[in-house]
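Here's the structure, in structure tokens; my notes come after.
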Amino acid sequence: MLLIASLIFAACGTKPAEPAAPAAGEQPAAEGDIIIGGILPMTGAIATFGQSSKKGVDLLVEQVNAQGGVLGRKVVFVAEDTKSTQADSATAIQKLIQQDKVVAVVGEVASSNSLAAGPIAQDAKVPMVSGSSTNPAVTEVGDYIFRAAFIDPFQGAVMANFASKDLKAVKAAIMTDANSDYSIGLGNVFKEVFTANGGSIVSEVSFVSGDTDFNTILTTVKNAKPDVVFVPSYYDTVGLILNQAKNNVGFPAEVKFLGGDGWDSPALFELAGDAADGHYFSNHYSPDVDSPEVKAFIDAYQAKYNEVPDALAALAYDAANMILKGIEKAGTTEGPALRDAIAAIELNAVTGKIKLNEKRDPVKSAVVIIVEDQKQKYFTTVNP
Ligand code: PHE
């Protein structure tokens, strides 16, 4: 009972009651300002994703305005809370386009939410750039939809090859969130590549976001005796799964849990404690990687927020930069011209070089992270 109570408490602890109030100095848009919208999960199941993303965009806007803005105009960022749901993502982007008259939108984070918002941006001819949605279908919505992240066919292959080649795994289990396009898509890619490598899938189970008791499905998975367990889900469920796998179900330490970018949150360690140690996930960026872009970003972010930025902050910074650089190049904020300018963007971004292919997806490297002492540690880089 005590354990369950403390887990529920931990889960609630990651959900702030209210979105952050506008910081002092943030001003409402005036005539002539360039207004960029944001649809971000500031509250709800994956709130750390939205909060980090907003910090990333706020930092960029501050830097750009300090340099005189874009086309000589001040940039204003208006972020709407999607509450981590599809319905609110659609309402949020509608409000930004109709009421705030934004010229472009950053977001959403979760692929399912970007899929809900994308058609609205496409119909209105307002470019939408997701920093972090990795499901291929997101940009397939139309030619006004872009992203700053690599896509899941790459990310899934990175982790399947890591399992087969680096960990020498031959038996894998897969645990997916049945309500998440991201989770289902990434799980499928892992399965395809891992079996093509000669491995076999010994157990497949599913759950949904909001579940808190994973003991039964974890027991099923453990009984199948996998070498690795792939959990392509977000930190809110992954944190509890890792905790219960170690502390309730007694997984042997040599069974490695693997995941994707959805693990990236400080809240993962609040939920999992030391049960996350020794496991691996793929990500877009690591603060441990030495590049001039990463260093400049970390220095500025730390000066403003006194914390080390996660991948969400870096990706949202890059996505907003694609929009602002696009406006500069187009010389206008008008939809079709801005769309064409973003499609042609070439940027040495924080998360790597961004140059979009004909599907409006960048082709970029991934990093593999290992968790050690409840911290992320850079393990290796995998190039496309
Ligand atoms: N890639 C995830 C999705 O498409 C979102 C995500 C990106 C989460 C990066 C964490 C870090 O749903």
*How high is the relative contact order of the chain, in percent, with contacts defined as C-alpha pairs under 8 Å that are six or more residues apart?*
16
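First measure r as the distance between the Cβ atoms of Gln122 and Gln374, then evaluate 1/(1 + (r/R0)^6) with R0 = 51 Å and state the FRET efficiency to the nearest 0.05.
The formula returns an efficiency of 0.80 here.
If you rank Val141, Val363, Val109 by fewest surrounding Cβ atoms within 10 Å, what's the result? Show your work: numbers first, answer last.
Details: Val141 18, Val363 15, Val109 31.
The order, fewest Cβ neighbours first, is Val363, Val141, Val109.
Give the order of Tyr285, Tyr305, Tyr235 when sorted by the count of other beta carbons within 10 angstrom, beginning with the fewest.
On the way: Tyr285 31, Tyr305 15, Tyr235 27.
By the 10 Å Cβ count, ascending: Tyr305, Tyr235, Tyr285.
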*What is the calculated FRET efficiency for Ser291 to Lys165, with r their C-beta to C-beta distance and R₀ = 25 Å, to the nearest 0.05?*
0.45
_For the chain, built as a Gaussian network whose Cα springs stay under 10 Å, the top-fluctuating residue of Thr237, Thr216, Thr195_ = Thr216
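For the range 119-227, state which trypsin sites (Lys or Arg not before Pro) are in a DSSP loop and have at most 15 other beta carbons lying within 10 Å of their beta carbon. Present the calculation step by step, with values, prior to reporting the outcome.
On the way: sites: Lys125, Arg147, Lys165, Lys168, Lys171, Lys191, Lys222; in loops: Lys125, Lys168.
Sparse-neighbourhood loop trypsin sites (Lys or Arg not before Pro): Lys125, Lys168.
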*Nearby lysines by direct alpha-carbon distance to Lys256 (threshold 20 angstrom, same-chain neighbours under 8 apart not counted)*: Lys165, Lys168, Lys171, Lys191, Lys222, Lys225, Lys246, Lys375, Lys377
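Would you please put 338-346, 148-156 in order of how densely packed they are, using the mean number of other Cβ atoms within 10 angstrom per residue and starting with the highest?
Values: 338-346: 17.8, 148-156: 25.2.
Final packing ranking: 148-156, 338-346.
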*If the range 21-151 were replaced by its equivalent ellipsoid, with semi-axes equal to the square roots of 5 times the Cα gyration tensor eigenvalues, what would those be, largest first, whole Å?*
23, 16, 14
_Please compute the contact order of the range 152-283 in relative form: average sequence separation of alpha-carbon pairs under 8 Å and at least six residues apart, divided by the residue count, as a percent._
26
_Coarse-grained scattering of the range 152-283 at q = 0.10 Å⁻¹, given as base-10 log I(q)/I(0) from a Debye sum over alpha-carbon atoms_ = -0.25
*asked:* Using the Cα atoms of the chain, I'd like the radius of gyration and the largest Cα-Cα distance, Dmax, both in angstrom.
replied: 20.2, 64
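Quick note: the coordinates plus some simple rules give every number you see, no bench work behind them. Note that the structure is predicted; figures quoted are calculated from it, not measured. FYI the Cβ positions are ideal-geometry reconstructions off the backbone, even for glycines, and counts take in every protein chain you see.
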